Amino acid sequence: MRRRAPELIIALAIALWLAHVAVIGLWGTTPRGALGSDFIQLTLGVILVSVTARAANRSRGVERRYWSIAAVAYLLLVSAQFLSVSQDLLARATLPLWVTLFFSFWSVALGMTLLVDPESSAEQFDALTGLDFVQGILFLLAAYFYFVLPSRSQDGGDLANNLRIPYIIYNVLLTCAFFFRSALATTAGAKSFLRRVGLFMSVSCSVDTLYYYGPGESLRTGAWFDVLWSTVLVVPLIASATWIPSEETKDENFRAAARNQLLTQLFALIFPVLIVLMSLRIAEERISLAAAILLVSFGCSSARLLLTQKRLLIAQEALRREATHDGLTSVWNHAGILGILERELLRAQREGSSVGVMMIDVDRFKTINDSHGHAAGDAVLKALVHEVTQVLRSYDSLGRYGGEEFLVVAPGCDLAACQELAERVRSHVSDHPIRLQRGPIEVTVSVGVAVSADGNTSSGQLLQSADAALYHAKDSGRNRVKSLVPVNTSL
């Protein structure tokens, strides 16, 4: 039944569209025809909101955010249509001005999908979306005083003659923006959604053009033009009903991802720029209102810039940490711990102190993987890091050298102190079984110790000696500490 749901919804939408044609053919612009026409459009709108919300619930990540915004946009349109039906029932001549604004600029909410980063995986709305939402509200407020009020005061129409061109330009640019963003998107879900919305905006803009420049404006409710309005609802309804969520696979094209993020920031400037342009006109009659709108818009833009900068710094820090830390255990990775060793050796050379290293290897780790699985092996490594950290000094450094081998850099340790520290690590691990879901696992480690007692020992010589001491500990029966003094080969 679930598989047949899209076909049933499409069939219902087409049936309602044909019913609309029949109503107009039978009753035309009579009160019965006007009421029937509005009711059918309202029914199509309610179905559209329901289907769009269903598409949002079935989607994940950025696709879920896209369809959620679309559902809100269509809800605004349906709300205006509901008030239009109420007007027919109450026999009122004209709609309130703010309802006219909903009919004319409901697509502003739909346009907010252009401000969502297609590379984002977040499903919930964040602070940036909230700031963009405030900018959208400010745009609607500016459009109300720029488009609607002047038109009503001049000729009683929906849009004044001298303001129709900017309105049409806005719709055309919005339509092109969706197709442009679709062509540059790197995810299949973003491409499909943006392409569908672009197609819908093409139909909607064409109908608007026919209404304002063609015969539509002079026709009454129930005339043949209402079928075109129903078409505007049927097109996104079919697009929503046939939506298939993607598998969340991304093209690892980092240049394309960076380009999309840049475009997201550029599209975020659309509302502020349009608000500034409209406020210049509004200031001619309402300078205080224009100043207030510009002030709030500037505040939102500044907050968005600061928030974006903060996220950039956090992302840079995360990348820096990822480059130097092990993803599984969160300790220093191979390159990171070797860098620390080089720095400590240089400092020891300047200060005439010593540096100790401990090469730690988990005994019979392959047996743990084979007996309990690789997931248990990963859990053992993470737990081992926790246990070793409990023994080390605060200024010692622990890193994952590779596989199940770990390296400890212990500054200021002579051979005796480093052996004592290594023995404490070994005994602590041996005395604390690692607890997993299947039960505790007794884990032991072998430790190889080497110390640079002079400033001429290189990191390679030190690591080679520690590694040789570790193999000696393994050959001696495991679960023990062995040490080896590095030989200086540079002389």
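Annotation: lysines with alpha-carbon distance below 23 angstrom to LYS366 (same-chain offsets under eight excluded): LYS382, LYS474, LYS482. Taking 0.36 nm per residue of separation and subtracting the Cα-Cα distance, full extension of the segment from LEU307 to ILE169 would add 46.5 nm. Toward the positive end of the charge dipole of segment 334-483, with +1 on the Cβ of Lys and Arg and -1 on the Cβ of Asp and Glu, the farthest Cα among VAL385, GLN419, VAL357 is that of VAL385. Close amide H partners of ILE441, meaning residues 5 or more places away or on another chain with modelled amide H under 5 Å apart, are ILE434, ARG435, LEU436. With the highest mean first, a sort of the peptides 233-239, 169-175 on other beta-carbon atoms found within 10 angstrom per residue produces 233-239, 169-175.
Could you tell me the calculated FRET efficiency between GLU7 and PHE39, based on Cβ-Cβ distance and R0 = 22 angstrom, to the nearest 0.05? That pair, GLU7 with PHE39, gives E of 0.35. Calculated FRET efficiency, ARG478 to GLN316, Cβ-Cβ distance, R0 = 51 Å: about 0.75 to the nearest 0.05.
Working from Cα pairs under 8 Å separated by at least six residues, relative contact order for segment 41-80 is 48 percent.
Shown for CYS300, CYS413, CYS176: other C-beta atoms within 10 Å of each C-beta, ranked fewest to most, produce the order CYS176, CYS300, CYS413. For PHE179 and TRP27, the difference between the fully extended length at 0.36 nm per residue and the C-alpha to C-alpha distance is 50.8 nm.
Relative to a virtual label point 7 Å from the Cα of LEU328 in the Cα→beta-carbon direction, which members of segment 373-393 show backbone nitrogen distances below 14 Å? Answer for this model: 373-386. Quick one: check the C-alpha center-to-center distance for segment 370-438 versus segment 256-283, whole angstrom. Using only Cα atoms, the two centres lie 53 Å from each other.
Available extension along the chain between SER430 and THR129 is 103.1 nm, counting 0.36 nm per residue and deducting the alpha carbon span.
Any read-out appearing in this document is the output of simple, stated calculations on the displayed coordinates, not a laboratory observation. Worth saying up front: this structure is predicted, and the values here are computed from it rather than measured. Cβ atoms come from the backbone with ideal geometry, glycine included; neighbour counts cover every protein chain shown.
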